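Written out below as structure tokens is the structure these notes cover.
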């Protein structure tokens, strides 16, 4: 892979950390962001040497200023992976406006904020790779996750639109939609519920974070230059569309 600068939001833990290290292993210069867990971010930096920055992707101005800081320190951003996301689960009749807005603003709004911060530079240089991390639940829906599913479904529509706007400028924009993956978030699911989830996955197990990262690594590569506006599902056959 040509030496490129990649920025991975939420890139210091779980799937994001796997993406950051996979892109570094592929020869990219990688910068990772976090939302405030400084201890985890510092540990990730110490282990990998990957620079880390902290800002809230739900904050438009913070994204603009954070990207400017990264560019000043490391150069133009060629690859953006929008991985940062949160959950605030509740059935709709119990969901608060704050729970709804937090998830929409972070998961979907964060994609807009970060893409807006990098897109002009990519257009000017005639190259860019954007990968937005969706979810199986944005495709299939999920009980108790109307906010999360709506945000992840919105990412797919956002991605298709931005892909159309950007194709003639050498920029590809795609989604990777993971299924249930062996991360700290999934590990927190009660054992009985997790067993039921795994039972519905045809391959009979959770995904490994590195398997999600491999899909991202492909989509940002030179070999994927003809792939744009696509949603690549990595879910073990749990949802086929």
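The values are calculated or read from the model by the stated rules, or taken from the named source; none is laboratory data. Keep in mind it's a predicted model, so treat the numbers as computed, not measured. As a convention, Cβ positions derive from the backbone with ideal geometry for all residues, glycine included, and neighbour counts pool all protein chains shown.
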Selected residue [in contact with a helix residue (DSSP H, G or I) (Cβ under 6 Å, 6 or more places away or on another chain) and at pLDDT 95 or above] from 114, 95: 114
For the condition modelled with pLDDT under 95 and out of contact with any strand residue (DSSP E or B) (no Cβ under 7 Å at 6 or more places or on another chain), what is the one hit in 213, 187? 187
Residues satisfying the stated conditions in segment 27-59, i.e. within 27 Å of residue 119 (Cβ to Cβ) and surrounded by fewer than 16 Cβ atoms within 10 Å (Cβ to Cβ): 27, 36, 51, 54
Which of the helices (runs of 4 or more DSSP H) found entirely inside segment 145-208 contain at least 1 residues meeting this: under 29 Å from residue 124 (Cα atoms)? 146-166
Confirm whether residue 70 is touching a strand residue (DSSP E or B) at 6+ places or on another chain (Cβ under 8 Å), outside any strand (DSSP E or B), in contact (Cβ under 8 Å) with a residue 24 or more places away in the chain and within 17 Å of residue 128 (Cα to Cα). yes
Pick from segment 45-55 the residues that are touching a residue at least 24 places away in the same chain (Cβ under 8 Å), outside any strand (DSSP E or B) and in contact with a helix residue (DSSP H, G or I) (Cβ under 7 Å, 6 or more places away or on another chain): which of them is nearest to residue 33 (Cα to Cα)? 50
Only listed residue being in contact with a helix residue (DSSP H, G or I) (Cβ under 6 Å, 6 or more places away or on another chain), closer than 27 Å to residue 166 by Cβ and in a loop (DSSP other than H, G, I, E, B), chosen from 18, 58, 32: 58
Please count how many residues of segment 187-217 are surrounded by 15 or more Cβ atoms within 10 Å (Cβ to Cβ), free of Cβ contacts under 8 Å to residues at least 40 places away in the same chain and within 20 Å of residue 10 (Cβ to Cβ). 4
